[in-house]
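Q: After the structure tokens below, expect a handful of questions from me.
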Amino acid sequence: MAKVFSGMGTSHIPAVGAAIDHGKQGEDYWQGYFKGLEPARAWHAQNRPDVVIIVYNDHASAFSLEQISTFTIGVSDKFLPADEGYGPRKVPVVQGHPALAWHLVESLVLDEFDMAISNNMPVDHGLTVPLSVAYDAPAEWPVKVIPLCVNVIQYPQPTAKRCHDLGVAIRKAIHSYGEDINVSIWGTGGLSHQLQGERAGVINSDFDTVFMDNLVNDPIANTKLTHADFIREAGSEGIEMIMWNIMRGAMAPKVEELYRFYHVPVSNTAYGLQILKDSE
Ligand code: DHB
Ligand code: FE
């Protein structure tokens, strides 16, 4: 049977991908940030699952306001890096896992989560930056990936609780997959940030810290946050944090925090990273 191997939360700030792609890690602005990634990367080098479910959002790359689905699973065998305006990132093509992806679709829909299914989905910084965070710049990504795309762009987004509950159903689906493989799950986006409007530049470290503490000790507390709570406390794009709840829901009720890194600012955003492991 498959099992849940680990969880990670990480922001997916595009500037991080650009810094790696253009060799800027040694510059004054970036040194402290990339130093903080080192323990996470060392852990990922030693602890490699077979498949990672990456929970992310598309930023008008694969989808637009013409088609909006709340939760979409990518079931193809490969996903090309999206062109976000400067040509696609020169990172490896993302290799999928169609058999597990279809199993997830079936198990989740039978559990009454009505997933949309994508056979062809270019993946943007929301998915490729977390891979760069974990694995830097290899010739091929060392894991297979199932993209799980969440609408955090167009109101009404799913609730924080719905996201947690989806994670619980994903755990059940993984545990009912017949092959002996290790599956990790990453929640991406956030932490507090607002990229536009009068409050552009919002960063709220107190809110981010409580949110990460709750992921370890009291995940249900994070399911009670409303959309307005996220927008008021974490800025209009801070609502991406609901995707970390999907990751947390897929972990055991009790978890151990193996590593946490918080760095402000990265671009206009609070960067957060947390690696979790089931403790039972
Ligand atoms: C930026 C974009 C994002 O999608 C995000 O999650 C954080 C920051 C940006 O454009 O800086
Ligand atoms: Fe984003």
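No lab work stands behind these numbers, since they all come straight from the coordinates. None of these values were measured; they are calculated from a predicted model. Glycine also receives a Cβ, built like all others from the backbone with ideal geometry; neighbour counts cover every protein chain displayed.
Q: Along region 235-247, what does the Karplus equation 6.51 cos²θ - 1.76 cosθ + 1.60 (θ = phi - 60°) give for ³J(HN,Hα), rounded to whole Hz, x for Gly and Pro?
A: x, 5, 8, x, 4, 4, 4, 4, 6, 5, 5, 5, 4
Q: Quickly work out the E38-to-K224 label distance, labels modelled 7 Å from Cα along the C-beta direction, and quote it in nm with one decimal.
A: Using points 7 Å along Cα→Cβ, the separation is 4.1 nm.
Q: Could I ask something else about it? A116 to L65: extension gain in nm, 0.36 nm per residue of separation minus the Cα-Cα distance?
A: 16.8 nm
Q: What does the highest-first list of 167-173, 149-155 look like by mean Cβ count within 10 Å?
A: Highest-to-lowest ranking by the protection proxy: 167-173, 149-155.
Q: For A99, put the label point 7 Å out on the Cα→Cβ axis and report which residues of region 172-191 keep their amide N under 16 Å from it.
A: Taking a point 7 Å out along Cα→Cβ of A99, the residues of region 172-191 whose backbone N falls under 16 Å are 174-183.
Q: Going by how many other beta carbons lie within 10 Å of each one, how would you line up Y33, Y271, fewest first?
A: Y33, Y271
Q: Given N residues in region 182-276, what is its alpha carbon radius of gyration divided by 2.2 N^0.38 Å?
A: 1.04
Q: Can you give me the Cα centroid spacing of region 23-81 and region 144-173 in angstrom?
A: About 16 Å separates the Cα centre of region 23-81 from the one of region 144-173.
Q: Mind checking which of P138, P39, P92 has the largest fluctuation in a GNM of the chain, springs on alpha carbons under 10 Å?
A: Sorting by GNM fluctuation, first place goes to P138.
Q: Hey, what D do you get for region 175-220 in µm²/s if you plug the Kirkwood alpha-carbon radius into Stokes-Einstein at 37 °C and 0.692 mPa s?
A: 239 µm²/s
Q: Tell me, I220, I117, I174, I246 in order of fewest to most beta-carbon neighbours within 10 Å?
A: Fewest-to-most ranking of I220, I117, I174, I246: I220, I117, I174, I246.
Q: Further question: What does the convex hull of the alpha-carbon atoms of the chain project to on average, in nm²?
A: 13.4 nm²
Q: Something else now. What fraction, in whole percent, of alpha-carbon pairs in region 33-165 exceed 20 Å separation?
A: 48 percent
Q: Ok, one more. How big is region 87-129 on each of its three principal axes, counting only the C-alpha atoms and giving the largest first in Å?
A: 39, 17, 17
Q: Which of E27, E106, E240 moves most in a GNM of the chain, Cα contacts under 10 Å?
A: Result for the chain, Cα springs under 10 Å: E27 fluctuates most.
Q: Let me ask something additional. Only bridges with both residues in the chain count here: give the DSSP antiparallel percent, nearest 5.
A: Counting DSSP beta bridges with both partners in the chain, the antiparallel share is about 50 percent.
Q: Can you sort T70, T128 by how many other beta carbons sit within 10 Å, fewest first?
A: T70, T128
Q: I've got another one for you. Run the count for the chain, please: Lys pairs, Cα-Cα under 27 angstrom, 8 or more apart or on different chains.
A: Within the chain, the lysine pair count is 28.
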